[in-house]
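Heads up: the structure comes next, in structure tokens.
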Amino acid sequence: MEKFITHVGTAVPLRRSNVDTDQIIPAVYLKRVTRSGFEDGLFAAWRNDPEFILNKEPYKHGTILVAGADFGTGSSREHAVWALQNYGFKVIISPRFADIFRGNSAKGGLLTIILPQDQVEALWRAIEADPSLPVRVSLEERTVSYGSKTLPFEMDEYTRWRLMEGLDDIGLTLKQTDSIDAFEQARTAVKPATLPIR
Amino acid sequence: MGKTLAEKIWQEHVVRSVAGEPDLIYIDLHLIHEVTSAQAFDGLRLSGRKVRRPELTLATEDHNTPTQNIDLPIADPVSKLQVDTLRNNCAEFGVRIHSLGDIDQGIVHVVGPQLGLTQPGMTIVCGDSHTSTHGAFGALAFGIGTSEVEHVLATQTLPLVRPKTMAINVEGELQPGVTAKDVILAIIAQIGTGGGQGYVLEYRGSAIKALSMEARMTVCNMSIEAGARAGLISPDEKTFEYIKGKPHAPADWDAAVAYWNTLYTDADAKFDVEITLDANALAPFVTWGTNPGQGAPLNGEVPNPALIDDPEERGAAERALVYMDLTAGTPLKNIAIDTVFLGSCTNGRIEDLRSAAAILDGQKIASSLRMLVVPGSARVRLQAEAEGLDKIFMAAGAEWRNAGCSMCLGMNPDQLAPGERSASTSNRNFEGRQGKGGRTHLVSPLVAAATAIRGTLSSPADL
Ligand code: SF4
């Protein structure tokens with residue numbers, strides 16, 4: 001996983017709320033067995049429309065997506081995170097995220113930032129007025145800045161540390177193998193196992 | 001102070017707890033399927049890791065398997081690739097799998113309970129957001145993403161942040177024709193698609209107690225549509241009765257029941273949030289929009305977005321009406337339907353099929369529509385056939401299919417055509433969910449059956 005410290009890029013105003021994972025990547029694109037190549041399915045239905053924001057310069061090269069509330073609702077598909085990342089997005093900003101999507105993003109190294117609705121709207125106006133306006137995201141300082149504005153955001157210490165170190169969860173947990181062994185020893189016997197019944 | 005059921009289960013599964021970090025939680029049962037597991041196994045292989053506890057893992061094929069001609073090779077090359085990949089991964093890592101054609105194949109959330117693997121007090125995860133279904137047994141069950149699938153495969157644990165708890169009290173008695181599906185749609189319409197976010201929902205109250213186990217599964221199933229990862233119902237005699245005699249029911253039954261009887265929310269426990277619904281006031285409910293929170297009683301009308309105060313919700317309602325091609329003020333019962341879909345992990349169990357068949361018995365479906373009946377599992381199909389339900393559906397003009405997710409998400413050939421409108425017993429009415437350009441109205445099995453007969457959204461009372 002790549003380390004995330006700061007990132008400067010083009011921000012894309014996606015003026016929609018409730019962007020669910022079926023919109024981010026429709027189910028027909030999920031029939032793959034690898035982790036790459038999902039960028040072609042990103043917002044597939046909307047991208048047929050030449051007026052869609054990602055079909056316009058310079059937004060099509062965007063790396064920061066600024067969306068309405070409840071981004072990533074719906075199906076738990078992590079392909080949504082991969083599709084955004086495969087396309088080139090590093091950061092998603094929204095007033096509210098669906099839990100599973102946010103968890104998936106943190107695991108994959110995609111930064112999700114919650115900003116209040118009015119700050120999102122001000123950011124939308126700024127990047128619509130000047131599409132090439134650079135937006136800077138610092139995980140170190142926990143700020144989003146553009147023009148003369150610097151907006152603080154919250155991020156729990158643990159997730160921040162993991163993202164900044166680029167650490168993978170499984171490796172971290174496997175360091176706790178002794179605790180897991182001990183837990184299993186003490187585990188109640190009434191729980192079922194999936195071994196075939198004969 | 002006492003504890004809620006969710007807190008009790010959580011506490012029993014903490015492997016490690018350190019301030020400032022998520023708790024490491026032990027997972028009792030890990031269900032997998034072909035769509036969200038391939039990359040997880042791929043990750044294990046790349047890092048040289050093994051499945052820690054294959055005997056706590058179970059695989060089934062459901063999401064994109066065909067529901068017709070299942071004895072032939074899967075025609076869609078990508079679906080075939082995913083299914084073959086799952087089979088190879090299970091063989092390589094030693095995981096039990098129920099493949100297409102197997103008697104225990106079916107939708108993962110129907111298969112777990114019918115095997116008796118879903119039991120009270122467990123932690124259950126699956127790379128599918130409707131894992132909340134298993135909460136009906138008093139298990140803490142939730143959907144996870146593919147990286148988490150890999151994490152559970154490798155460690156049988158997950159680092160998780162303790163959720164808050166919300167009590168949803170449904171008190172009173174449901175009127176005839178009002179089902180578990182109507183209850184949960186009404187709850188979601190009340191609290192919104194984000195209302196449950198960060199919470200485990202515990203459904204309580206006399207109306208919930210009165211529900212059968214399968215109806216409780218319908219309620220818990222859609223917890224995710226209110227934004228909650230998990231829904232719970234305290235186990236009781238009905239729960240134990242349902243598990244009894246199932247293939248994986250505990251050998252030491254008395255010990256298990258003694259343990260299960262400790263699984264309830266203490267009288268002096270405090271929920272973070274508590275809401276109450278009057279069961280007597282509930283009516284058959286349908287959705288008119290493109291998220292499950294956009295629903296209304298069937299006797300009502302398509303709402304007027306101009307009357308919605310919240311600007312975000314108003315915008316969403318306006319866009320939904322355009323997508324759904326609906327006009328504000330139209331009586332919901334005037335909406336003509338092209339396809340009726342009876343199935344899914346929400347309403348594809350035997351009781352759902354029985355209740356719809358009872359309405360369709362001796363009737364014909366409207367000539368203007370098609371109806372697909374897709375049992376949730378192969379065992380549900382066989383049970384229905386033993387009871388002659390398949391004959392009733394086919395005599396009415398419906399199609400009788402093999403088990404799978406089918407038109408719930410349209411990954412297999414069962415899809416809506418662009419512009420086509422469905423009444424669907426599934427759980428998601430998102431844009432394009434059932435096929436590109438398709439329009440979905442979520443309904444109960446009773447409304448599905450009555451709609452099939454009349455051709456427009458209807459309840460059995462309209463027949
Ligand atoms: S039936 Fe639908 S909701 Fe249920 S597991 Fe299958 S795709 Fe998911």
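The values are calculated or read from the model by the stated rules, or taken from the named source; none is laboratory data. Remember, it's a predicted structure, so these values are computed and weren't measured experimentally. Neighbour counts run over all protein chains shown; Cβ positions are idealised from the backbone, glycine included.
Quick notes
- Of the helices (runs of 4 or more DSSP H) lying entirely inside segment A:35-150, the ones with 3 or more residues being of a type in the set (D, E, K, R) are found at A:99-108, A:117-129.
- Test result for A:Ile113, within 12 Å of chain B (Cβ to nearest Cβ) and under 21 Å from the mean Cα position of the chain (by Cα): no
- Against the criterion of being farther than 21 Å from B:Gln434 by Cα, in contact with a helix residue (DSSP H, G or I) (Cβ under 7 Å, 6 or more places away or on another chain), within 16 Å of the ligand (Cβ to nearest atom) and β-branched (Val, Ile, Thr), B:Val374 does not qualify.
- Residue match in segment B:259-272 (condition: of a type outside the set (S, T, N, Q) and without any contact (Cβ under 8 Å) to a residue 60 or more places away in the chain): no
- The lone exception for A:His7 - which of (1) in a strand (DSSP E or B); (2) closer than 18 Å to A:Glu128 by Cβ it fails: (2)
- Residue list for segment B:37-63, restricted to those being modelled with pLDDT under 90 and within 9 Å of another protein chain (Cβ to nearest Cβ): B:Asp42, B:Gly43, B:Ser47
- Residue count for segment B:383-430, restricted to those that are within 16 Å of the ligand (Cβ to nearest atom) and within 14 Å of another protein chain (Cβ to nearest Cβ): 18
- Within segment B:226-248, tally of residues that are surrounded by 20 or more Cβ atoms within 10 Å (Cβ to Cβ) and either part of a helix (DSSP H, G or I) or among the hydroxyl-bearing types (Ser, Thr, Tyr) (or both): 4
- Residues that are under 20 Å from B:Arg421 (Cβ atoms) and within 16 Å of the ligand (Cβ to nearest atom) within segment B:341-369 comprise B:Phe341, B:Leu342, B:Gly343, B:Ser344, B:Thr346, B:Asn347, listed in sequence order.
- For the condition surrounded by 20 or more Cβ atoms within 10 Å (Cβ to Cβ), away from the ligand (no atom under 16 Å from the Cβ) and closer than 15 Å to B:Gln156 by Cβ, B:Val51 qualifies.
- Residue satisfying all of: in segment A:179-198; out of contact with any Phe, Trp or Tyr (no Cβ under 9 Å at 6 or more places or on another chain) and aliphatic (A, V, I, L, M); farthest from the other protein chains (Cβ to nearest Cβ) among these: A:Ala186
Quick grid of which residues meet (1) within 22 Å of B:Thr131 (Cβ to Cβ); (2) under 22 Å from the mean Cα position of the chain (by Cα):
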| position | (1), (2) |
| --- | --- |
| B:Tyr203 | yes, yes |
| B:Ser212 | yes, yes |
| B:Val219 | yes, yes |
| B:Lys238 | yes, yes |
| B:Ala249 | yes, no |
| B:Ala279 | no, yes |
| B:Gly293 | yes, yes |
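- Of the strands (runs of 3 or more DSSP E) lying entirely inside segment B:81-143, the ones with 2 or more residues being within 14 Å of the ligand (Cβ to nearest atom) are found at B:123-126, B:140-143.
- Test: residue in segment B:13-22 that is more than 7 Å from every other protein chain (Cβ to nearest Cβ) and not in a loop (DSSP other than H, G, I, E, B): yes
- Residue among B:Ala256, B:Ala269, B:Ala296 that is part of a helix (DSSP H, G or I), surrounded by 14 or more Cβ atoms within 10 Å (Cβ to Cβ) and of a type outside the set (Lys, Arg): B:Ala256
- Looking at B:Ser422, B:Ser459, B:Ser426, B:Ser406, just one residue is crowded, with 24+ Cβ neighbours inside 10 Å, in contact (Cβ under 8 Å) with a residue 40 or more places away in the chain and closer than 19 Å to B:Val322 by Cα, and that residue is B:Ser422.
- Near pairs, Cβ below 8 angstrom, 6+ apart or cross-chain, from segment B:311-333 (closer than 20 Å to B:Glu420 by Cα) to any residue that is β-branched (Val, Ile, Thr) and outside any loop (DSSP other than H, G, I, E, B): B:Leu332/B:Val286; B:Lys333/B:Thr456
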